[in-house]
């Protein structure tokens, strides 16, 4: 685990809000995505296509695509559906 993961993941799993800053390539996406996926697995909800359970906002289209790709990789064997929506001009 990277330092940001060691510090943030336990707090996130306890339901705490976390603000983290770290260099590129330090595992920030995994830091927030893995606890989210764990919570979804631990607390399954009835399948209702119109109900989102998680919303992740990113400042750019490129980052949205990267985050979605990573989450899809992490959730490869889980019954979780993701969708990426981007806006702007």
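Rule-based calculations on the coordinates, nothing more; no lab input. In this text, all values refer to a predicted model and were calculated from it rather than measured experimentally. Ideal geometry is used to build each Cβ from the backbone, glycine not excepted, and the neighbour counts take in all protein chains shown.
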The residue that is nearest to residue 43 (Cα to Cα), considering only those in segment 1-19 that are touching a residue at least 12 places away in the same chain (Cβ under 8 Å) and assigned to a helix (DSSP H, G or I), is 13
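For every residue, the table says whether it meets (1) in a helix (DSSP H, G or I); (2) touching a strand residue (DSSP E or B) at 6+ places or on another chain (Cβ under 8 Å); (3) exposed (fewer than 14 other Cβ atoms within 10 Å of the Cβ).
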position	(1), (2), (3)
21	no, no, yes
31	yes, no, no
45	no, no, yes
50	no, no, yes
58	no, no, no
71	yes, no, no
79	no, no, yes
